[in-house]
Amino acid sequence: MELKQLLALVTVGDTGSVTKAARLLHVVQPAVSRYIRALEDEIGVPLFERSRQGMTLTPAGEVLAERARRALLELDRARAEIRPDREHVRGIVTIGLLESTVELVAAPLWRCWDAGTRASRCGS
């Protein structure tokens with residue numbers, strides 16, 4: 001099991017789409033599909049139900065995604081503790097969004113954070 005596979009699992013589970021997950025993860029769609037398939041092969045059970053409407057986690061996928069989410073969060077916390085940067089605020093920020101606003105708000109917020117822009121300058 002690799003971190004990129006777990007990140008793909010969580011992101012596809014959250015978005016319901018390999019295409020949207022690939023965009024958020026800044027990788028190509030076939031890579032995300034490969035990560036998911038490799039994880040399913042390793043675990044030995046399907047983690048997603050695939051349909052024309054998108055992908056939804058199976059019960060086994062739900063269990064693994066929840067554990068993966070916790071593991072990824074702990075790794076982020078460890079990184080924040082190990083690499084202190086005295087010039088910048090450090091820590092973990094958790095943002096809750098209504099499902100209806102995710103696409104509208106999350107992508108610009110992610111781009112702003114990913115670009116390293118300070119929050120006070122985002123969107124200006």
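With respect to Val12, determine if the residue is open to solvent by less than 20 Å² (accessible area, probe 1.4 Å), of a type in the set (Val, Ile, Thr) and assigned to a helix (DSSP H, G or I).
Considered against the rule, which asks whether it is open to solvent by less than 20 Å² (accessible area, probe 1.4 Å), of a type in the set (Val, Ile, Thr) and assigned to a helix (DSSP H, G or I), Val12 comes out as yes.
Using the structure shown, decide if Pro59 is modelled with pLDDT of 95 or more and open to solvent by 70 Å² or more (accessible area, probe 1.4 Å).
In short, yes.
Return the residues of segment 109-124 that are part of a helix (DSSP H, G or I) and either open to solvent by 100 Å² or more (accessible area, probe 1.4 Å) or modelled with pLDDT of 70 or more (or both); say none if nothing qualifies.
The answer is Leu109, Trp110, Arg111, Cys112, Trp113, Ser120, Arg121.
Restricting to segment 17-40, and then to whatever is within 14 Å of the chain's Cα centre (by Cα) and within 10 Å of Gln5 (Cβ to Cβ), can you tell me which residue is most open to solvent (accessible area, probe 1.4 Å)?
This residue is Tyr35.
Out of (1) touching a helix residue (DSSP H, G or I) at 6+ places or on another chain (Cβ under 8 Å); (2) open to solvent by 60 Å² or more (accessible area, probe 1.4 Å); (3) assigned to a helix (DSSP H, G or I), the odd one out for Ala65 is which?
Of everything listed in (1) touching a helix residue (DSSP H, G or I) at 6+ places or on another chain (Cβ under 8 Å); (2) open to solvent by 60 Å² or more (accessible area, probe 1.4 Å); (3) assigned to a helix (DSSP H, G or I), Ala65 misses just condition (2).
Identify, from the list Ile82, Ile43, the residue that is among the hydrophobic types (A, V, I, L, M, F, W, C) and either at pLDDT below 90 or open to solvent by 100 Å² or more (accessible area, probe 1.4 Å) (or both).
Of the residues listed, the single one that is among the hydrophobic types (A, V, I, L, M, F, W, C) and either at pLDDT below 90 or open to solvent by 100 Å² or more (accessible area, probe 1.4 Å) (or both) is Ile82.
Is there any pair linking a residue in segment 90-108 that is at pLDDT 75 or above to one that is assigned to a helix (DSSP H, G or I), with Cβ under 7 Å and at least six apart or on different chains, and which?
What qualifies is Leu97/Val105; Leu97/Ala106.
The values are calculated or read from the model by the stated rules, or taken from the named source; none is laboratory data. Quantities reported herein were computed from a predicted structural model and do not represent experimental measurements. Every residue, glycine as well, gets a Cβ built from its backbone with ideal geometry; the counts of neighbours run over all protein chains shown. With ligands, DNA and RNA removed, areas are computed over all heavy atoms of the protein, side chains included. Shrake-Rupley method; radii C 1.70, N 1.55, O 1.52, S 1.80 Å.
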